[in-house]
Amino acid sequence: QVQLVESGGGLVQPGRSLTLSCAASISDFSNDVMAWYRQAPGKERELVAAITSRGSTDYADVKGRFTISRDNAKSTLYLQMNSLKPEDTAVYYCNTRPPFVSWGQGTQVTVSS
């Protein structure tokens with residue numbers, strides 16, 4: 001059964017860091033382009049970062065603060081988020097790029113003092 005399980009979110013102060021994880025039960029994880037997306041309240045879901053099977057990365061306007069990585073042996077995707085800002089507050093999801101797997105529940109990230 002295909003499943004995406006995100007974890008690692010929480011409430012943090014501006015400037016702090018968080019690392020998100022995504023356990024992906026995808027048969028071809030190692031060959032798929034994987035990505036992190038986020039959806040802020042009242043906004044559409046947007047792409048945050050993506051990574052190919054070979055490790056090439058692509059970022060939205062979080063470049064320099066966020067780092068996407070993957071462990072193909074563990075079928076796990078990561079997002080290291082540094083220098084967090086209030087505008088990073090959102091529910092974060094992982095999926096393929098483009099997304100063709102059913103969305104998981106996501107993990108809430110709240111950046112607030």
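The values are calculated or read from the model by the stated rules, or taken from the named source; none is laboratory data. A quick note: this is a predicted structure, and the numbers were derived from the prediction, not measured. A quick note on method: Cβ atoms are made from the backbone with ideal geometry, for glycine too, and the neighbour counts reach across all protein chains shown. Areas reflect the complete protein model, heavy atoms only, side chains present, ligands, DNA and RNA absent. Shrake-Rupley method; radii C 1.70, N 1.55, O 1.52, S 1.80 Å.
Quick rundown of the values:
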read-out	value
Proximal charge balance of Cys22 [Cβ under 11 Å; K/R count +1, D/E count -1]	0
Pairwise Cα inverse-distance average, inverted: Kirkwood Rh of the chain (Å)	13.8
Percent of Cα pairs exceeding the 18 Å cut-off, where the set is the stretch 51-113	42
Pair Gln80, Ser30: separation of 7 Å Cα→Cβ label points (nm)	2.4
Taking the chain and dividing mean pair separation by its residue count, relative contact order in percent (alpha carbons under 8 Å, at least six apart)	37
Among Lys43, Lys74, Lys85, residue whose mean-square fluctuation peaks in a GNM of the chain (springs only between Cα atoms under 10 Å)	Lys43
Solvent-accessible area per residue, Å², over the chain with all protein chains present [probe radius 1.4 Å]	54
Label-reachable residues, the stretch 73-113, where backbone N falls under 12 Å from a point 7 Å from Thr57's Cα toward its Cβ	78-82
Gaussian network model of the chain, Cα within-10 Å springs - most flexible of Ala50, Ala73, Ala24	Ala73
The stretch 17-113 - percent of accessible surface contributed by carbon and sulfur, probe 1.4 Å	44
Heavy atoms of Thr76: accessible area, 1.4 Å probe, square angstrom to 10	20
